[in-house]
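The values are calculated or read from the model by the stated rules, or taken from the named source; none is laboratory data. Given the structure is predicted, the values throughout are model-derived calculations rather than measurements. Cβ placement follows ideal geometry from the backbone for every residue including glycine, while neighbour counts extend to all protein chains displayed. Side chains are part of the model used for accessible areas, which takes the heavy atoms of the whole protein and leaves out ligands, DNA and RNA. Shrake-Rupley method; radii C 1.70, N 1.55, O 1.52, S 1.80 Å.
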Amino acid sequence: MSDTAATAASELDALRPELDAWLDAHHDELVADHVGLGSLDQQMAQLSKVKRLLFDAGWMRRGWPERVGGLGGSPLLRAYLGEALQARDLVEPGIYSMTEVLAPTMIDYAAPELAATMVPRLLRGDETWCQGFSEPGTGSNLGALACRATRDGDGWRVSGQKVWTSLAQYSQRCVLLTRTGTAESAHRGITAMFVDMDSPGITVRPIGTMHGAEEFCEVFFDDVVVPLDRTLGDEGMGWSVAMDLLPYERSTALWHRAAYLHRRLQQLLDVADDASLDPAQLGEVTQLLYAFRARSRGTQHRLAAGEHLGPETSIDKVLLATTEQAVFDVAADALAADVAMADDAESERWRSQYLYSRAASIYGGSAEIQRNIIARRLLDLGSDR
Ligand SMILES: Cc1cc2nc3c(=O)[nH]c(=O)nc-3n(C[C@H](O)[C@H](O)[C@H](O)COP(=O)(O)OP(=O)(O)OC[C@H]3O[C@@H](n4cnc5c(N)ncnc54)[C@H](O)[C@@H]3O)c2cc1C
């Protein structure tokens, strides 16, 4: 074991009992006011409350660099914090994970003063940020994005549209990808920037989903001025920003999601009649869940060892999508009438999460695209041209 890995392991061993004891002692303050899943407004309010309490007590600062308001230490501490919150049903995993996706990108690419000012606001739950990558027609084919930014004095002027932007209606800031090169410049002509969502010219229109929440939005930019010092990396480096962000979306965030799936499968076993559970299906889903967690554990340890994560995290994403859908397939079969029809809060929660699980093979890069990456970049199976 390397020195870094040994230090990370001992930090984690020390943190676990301390954090568990604190979470148990503060349960009444941390627990949600609402019953069941709650509305998205309620989930967002709960998330802000929990992050504020955790930040003020120091837990939300563990595993983040001191230069952005953290207390230092291994990223494994963040992995365990999210796991412990999932084990107690304190926050919804998807909205909690946005911090794991966007804060590391700001730390890597924003000017140091900007990151030092902004990241603590996200960690403390004072702000929500969104990720403005996808556009109509350019989700998988991100290199073709068209939202245009042109230089104007000390800033950029941005015009165009984004879509599927999660939580944009709650967000104070957006990590935005724009086209600054020619239309033909593909991935070479993309620039990333950090945009204030209250800038004049931004319109946000929430979109309803089949699971019953307006989780994502269309976002329109009409001649929006963005100061030059909000550029993330250099002009034309947006592709690197995006490629470095995606592995974060598939590392600590997925460990948290694995903890959530483990919790939900356990809760299903607690409430379902034995007769309604198919042993073969249960065996398969258990094996999938443990394979996904084992894979994700390896990824957390590579991240903690300072390794640069890359296309191999596509394997984690494929495993997540397969596992999440399998877990909720078992729930939908075992609790069929409740998931389909019942109005009580628990049935609504199973129904909503079953429907949301269908999106697991789309968000963060579709399953087909991940398999293409695995085939071409990891297995060297060539291109499809
Ligand atoms: C719940 C949810 C939240 C999201 N949040 C955000 C967000 O916050 N920010 C953001 O920017 N985006 C977000 N997205 C968008 C997401 O990243 C895109 O939906 C995803 O990348 C797919 O892009 P698309 O929807 O344009 O589909 P398309 O790219 O049009 O793909 C349609 C279908 O064709 C398949 N396909 C496309 N190209 C190929 C190919 N070359 N080979 C094989 N199959 C192919 C795809 O796998 C898919 O099945 C979110 C999506 C969901 C579902």
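Scaling the Cα radius of gyration of segment 229-273 by the globular reference 2.2 N^0.38 Å produces a ratio of 1.97.
Below 8 Å, C-alpha to C-alpha, sequence gap of six or more: please give me the relative contact order for the chain in percent. Walk me through the numbers on the way to the answer.
Working: 639 pairs, mean separation 58.1, N = 385.
About 15 percent, as a whole number.
Rolling a 1.4 Å sphere over the protein heavy atoms, what is the accessible area per residue of segment 84-222, to the nearest Å²?
Values: 5210 Å² over 139 residues.
Here the residues of segment 84-222 average 37 Å² of exposed surface.
What's the Cα-based Rg to Rh of segment 1-115, Rh via Kirkwood? My calculation puts Rg/Rh at 0.99.
Express the C-alpha Rg of the chain as a ratio against the empirical globular expectation 2.2 N^0.38 Å, rounded to two decimals. Don't skip to the end; give the middle numbers.
Details: Rg = 20.8 Å, N = 385, 2.2 N^0.38 = 21.1 Å.
Computed over Cα atoms of the chain, the ratio equals 0.98.
Maximal additional length on extending the Arg121-Ile207 stretch stands at 28.3 nm, based on 0.36 nm per residue less the C-alpha distance. Per residue, the accessible area of segment 4-54 comes to 51 Å² when a 1.4 Å probe rolls over the protein heavy atoms.
Where Lys and Arg each count +1 and Asp and Glu each count -1, what net charge lies around Ile107 among other residues with Cβ under 13 Å from its Cβ?
Numbers: positive: Arg67, Arg78; negative: Glu66, Glu100, Asp108, Glu113, Asp244.
Value of the local net charge: -3.
Express the carbon and sulfur contribution to the solvent-accessible surface of the chain as a percent, rounded to the nearest whole number, probe 1.4 angstrom. Answer for the chain: carbon and sulfur cover 51 percent of the accessible area. Expressed as a fraction of 2.2 N^0.38 Å, the C-alpha radius of gyration for segment 192-252 is 1.40.
How high is the relative contact order of segment 1-143, in percent, with contacts defined as C-alpha pairs under 8 Å that are six or more residues apart? Write down the numbers at each step before the final one.
On the way: 130 pairs, mean separation 34.9, N = 143.
Across segment 1-143, relative contact order equals 24 percent.
Compactness of segment 138-187 is given as radius of gyration and Dmax, 12.1, 34 Å, from Cα positions. Two numbers describe the Cα atoms of segment 304-385: Rg and Dmax, which are 17.0, 52 Å. Using only the Cα atoms of segment 131-214, build the gyration tensor, take square roots of its eigenvalues as a ≥ b ≥ c, and label the shape rounded, prolate or oblate: rounded if a/c is under 1.5, else prolate if a/b is larger than b/c, else oblate. Note, shape of segment 131-214 comes out oblate. The stretch between Thr4 and Arg16, if pulled fully straight at 0.36 nm per residue, gains 2.5 nm over its current Cα-Cα span.
Report relative contact order for segment 297-385 in percent, whole number only (criteria: Cα-Cα under 8 Å, sequence separation at least 6).
Working: 59 pairs, mean separation 32.2, N = 89.
Contact order relative to length: 36 percent.
What's the long-distance tail for segment 78-178, i.e. % of Cα pairs beyond 25 Å?
Numbers: 1441 of 5050 pairs.
Here the long-distance tail beyond 25 Å is 29 percent of all Cα pairs in segment 78-178.
Counting 0.36 nm for each residue step from Ala337 to Leu269 and taking away their Cα separation leaves a gain of 22.8 nm.
Evaluated with a Cβ-only charge set (Lys, Arg +1; Asp, Glu -1), the chain carries a dipole of roughly 1060 debye about its Cα centre, given to the nearest 20.
Of all alpha-carbon pairs in segment 215-304, indicate the percentage at a distance above 23 angstrom.
Numbers: 2108 of 4005 pairs.
Taking all Cα-Cα pairs of segment 215-304, the fraction more than 23 Å apart is 53 percent.
Comparing Ser276, Ser347, Ser74 in a Gaussian network model of the chain where C-alpha atoms under 10 Å apart are linked, the largest mean-square fluctuation is found at Ser276.
Dividing the convex hull volume of the alpha carbon atoms of segment 230-385 by its residue count, what do you get in Å³ per residue? Spell out each step's value before the answer.
Numbers: hull volume 24.5 nm³, N = 156.
Here the figure is 157 Å³ per residue.
Which log10 I(q)/I(0) values, to two decimals, does segment 267-355 give at q = 0.14, 0.20 Å⁻¹ under the Debye formula with one point per Cα? Computed log10 I(q)/I(0) values: -0.59, -0.91. Protection proxy ranking for 282-291, 190-199, 120-129, using the average of other Cβ atoms within 10 Å per residue and placing the highest first: 190-199, 120-129, 282-291. Give the share of C-alpha pairs in each 10 angstrom bin for segment 319-361, from 0 to the last occupied bin, in whole percents, shortest bins first. Calculated over all Cα pairs of segment 319-361, the distribution is 34, 51, 15, 0 percent. Convex hull of alpha carbon positions in segment 22-72: directionally averaged projected area 4.1 nm².
Solvent-accessible area per residue in segment 344-385 equals 61 Å², computed with a 1.4 angstrom probe and all protein chains kept.
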